[in-house]
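The values are calculated or read from the model by the stated rules, or taken from the named source; none is laboratory data. The shown structure was predicted, so the numbers you read here are calculated from the model rather than taken from an experiment. Please note: Cβ atoms are built from the backbone with ideal geometry, for glycine as well, and neighbour counts cover all protein chains shown. Keep in mind that these areas ignore ligands, DNA and RNA; they rest on the heavy atoms of the full protein, side chains included. Shrake-Rupley method; radii C 1.70, N 1.55, O 1.52, S 1.80 Å.
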Amino acid sequence: KVAIKGIERELICPACKELFTHPLILPCQHNVCHKCVKEILFAFEDSFADGGSESSNQSSPRIRISASSMDRIDRINRSGRKRNSLTPRSTLFPCPGCQRDIDLGERGINGLFRNFTLETIVERYRQAARAAIAIMCDFCKPPPQESTKSCMDCSASYCNECFKIHHPWGTVKAQHEYVGPTTNFRPKILMCPEHEMERVNMYCEICRRPVCHLCKLGGGHANHRVTTMSTAYKTLKEKLSKDIEYLISKESQVKAHITQLDLLLKETECNSERAKQEASQSFEKLYHVLEEKKSAALRAIETSKNIRLEKLRTQVEEYQGLLENNGLVGYAQEVLKETDPSCFVQTAKQLHVRIQKATESLKSFRPAAETTFEDFVVDTAKQEDILGDLSFHSNGLEIPEINEEQSRMYNKALICWECPGKTDSADIYVLEYHKLNREDESVTWQKTEVCGKSKVLSDLDDDSSYAFRVRGYKGSICSPWSREVILRTPPAPVFSFLFDDKCGYNNEHLQLNPRRTSVESRAGFPLLLGSERLQVGCYTTLDYIIGDTGIAKGKHFWAFHVEAYSYLVKVGVVPSNKIQKLFHNTHDVTSPRYEQDSGHDSGSEDAFFDSSQPCTLVTLGMKKFFIPATPAAPKDPASRIFPLPSCLGICLDCDRGRVGFYDAGRMKCLYECEVDCSGIMYPAFALMGSAAVHLEEAVTAKYREYHDNI
């Protein structure tokens, strides 16, 4: 028999850190207690309803609101807005095992399989732990007697007398299946969670889960490749058995690696002590100047030692789990005892992947940490007058540079940096920033530590300039500060919306992407047919599209990109009471009066044309930005034309009745005018010919995407 105690850490729920109770298998192949799944989902929904408040879920095991949910909450809860429609409710589940957001599908928790194999192994572990504690009869009058058997059909335990009473001869109950005393009752047949009256009899090779014949005929697995349950059972069991036999045959190699790791632990201890002694002797020579620096260096060495020791100990534990009757191998041996094909297939696939990874790590063994502490040698040859500014700069660490093209300032700030040599020699980076304020003479830098090469900041003020700098650290050694970069935040809170695919949307001329964040106008056959009916001096009208969310009050900002090939695009705002007029406007987009030979160049006609428009728009196209012809604008047309910025922004101030058009890359206002904000205002766009507009995506905290490598 496998030593049950050796596999205990395989039987712990990642959420509650206790033994599994009715574990469910998530789509990512991790197991979580049924109760924990419900608690996390409830806490997730509460956080969703509260607008993603971090303080409202302190008691939950691990709560994280997805970026898409946060964007939806921001759009709905922001004051002064009315929506035409709401996005569907999120079904994401934050898995505590892999730290990823997992889609549970439309059925949610009801679509998850219960891992009966793991449940049986946990029950065997519990029985081994409480061997001296008997299971009592559920039907005896006090005091209850010790049970002698358990009925799998009744899900209850009985003593001999009670079993005879409740299972009399000649009745249906007499045919029930009974086993030895147990508290683990599971159904005889594994049923499909989507079709509750159907048993699973096939295995989907695409989704890697058992399915019933209805799932294959007309369900979500209709076009998937499936195999019989017996074939999947045989195939997985053969693969798992071979891999386990291989690991057991390499037990001597595993023990050799553990011995080597033990020596590395001792060597690391000795070298760290030697490094601390050398650092102490160096700092003692200049004690009065370097007292604070000395303690910092010792702490850095101790921290580095602990990190390395922790990595090596973790590696030792991982290899301990590869020994027979221990950890992963022991758990796998217990799984092999499962005889039910459906239950075995549930557990074997994910376990087989872990066994394969353990096999690969065994073939390419490398210590998890270095044992040398050469980076902690202190140079005391410098003069005492410069030791006060000693920062332990290393020539081996490159100075990072902030990438202004990849950095973004929108609803949040995304700051990205890179090293000139494209190497990642630093263990950690420190990003510092401060708000530029002419009134404050003293500068207070705010600091944050980052493991990667980007950081999302959410505590910046609107319409403000900030200075950023970054440096790299490797232990206590750091690089010099990077060049300071100044970036400006948007002039107002960011307004989130999508293109409206219902109100006035012309699907013959315009094409939306599935997420409704991009719209494209194609100068194709329909436009050619429309032009056939037109005469000289008349042009086709624009195709309009608006946002699905309106603004009633306050100051708001949104940004977008216009493709460089776009022939003609107009952007701006439209009030709700003029939307119908916008989509039924009969005026031509372009008038021949602007042609040099037309003779129509009167200013009164310009004024009439501008006043007749139902919305406030500016014109873009052919890589140019055109300032509207107003009395305050320059008379020379060439002075009203600017190069088209890579990213454009619009700032609407309903309280002041002003709208501004910005170069969103530099947050510089290009043009501002008055606008009537008496109604609810909607973002408006118009396209003609070949053109495309893409809404700027909100900056969100980045999570690693889930990649299936099977």
inquiry  = Looking at region 9-26, can you tell me whether even one residue there is in contact with a Pro (Cβ under 8 Å, 6 or more places away or on another chain), at pLDDT below 85, open to solvent by 50 Å² or more (accessible area, probe 1.4 Å) and part of a helix (DSSP H, G or I)?
reply    = no
query = Which of the following residues is modelled with pLDDT under 85, open to solvent by 70 Å² or more (accessible area, probe 1.4 Å) and of a type in the set (Asp, Glu): Glu291, Glu318, Glu310?
reply = Glu318
remark   = Selection from region 167-184 of residues open to solvent by 60 Å² or more (accessible area, probe 1.4 Å) and either under 27 Å from Thr21 (Cα atoms) or modelled with pLDDT of 80 or more (or both) yields Trp169, Lys173, Glu177, Tyr178, Thr183
query = Can you pull out the strands (runs of 3 or more DSSP E) entirely within region 527-585 that have at least 2 residues that are modelled with pLDDT of 90 or more, within 11 Å of Ala686 (Cα to Cα) and in the same structural domain as Ile650 (by the TED database)?
reply = 543-546, 568-575
task = Name the single residue, out of those in region 468-506 being assigned to a loop (DSSP other than H, G, I, E, B) and of a type in the set (A, V, I, L, M, F, W, C), that is surrounded by the fewest Cβ atoms within 10 Å (Cβ to Cβ).
result = Trp481
ask   = With (1) closer than 27 Å to Gln29 by Cβ; (2) at pLDDT 85 or above as the list, and Thr303 as the residue in question, which single condition is left unmet?
value = (1)
Residue that is least open to solvent (accessible area, probe 1.4 Å) [pool: residues in region 207-227 that are touching a His at 6+ places or on another chain (Cβ under 7 Å) and either assigned to a helix (DSSP H, G or I) or more than 18 Å from Glu106 (Cβ to Cβ) (or both)] = Cys215
query = When you look at Thr259, is it under 30 Å from Glu318 (Cβ atoms), assigned to a helix (DSSP H, G or I), of a type in the set (Ser, Thr, Tyr) and touching a Leu at 6+ places or on another chain (Cβ under 8 Å), yes or no?
reply = no
key: Conditions (1) on the phi > 0 side of the Ramachandran plot; (2) at pLDDT 85 or above; number of the one not met by Gly689   = (2)
request  = Could you list all residues from region 442-452 that are open to solvent by less than 80 Å² (accessible area, probe 1.4 Å) and assigned to a strand (DSSP E or B)?
outcome  = Thr448, Val450
inquiry  = Any residue that is modelled with pLDDT under 90, open to solvent by 80 Å² or more (accessible area, probe 1.4 Å) and more than 22 Å from Asn411 (Cβ to Cβ) - is there at least one of those in region 453-467?
reply    = no
message = Going residue by residue through region 386-393, is there one that turns out to be charged (D, E, K, R), in a helix (DSSP H, G or I) and at pLDDT below 75?
response = yes
task = Run down Lys382, Lys412, Lys422, Lys435 and say which single residue is under 30 Å from Cys647 (Cα atoms), at pLDDT below 70 and not β-branched (Val, Ile, Thr).
result = Lys422
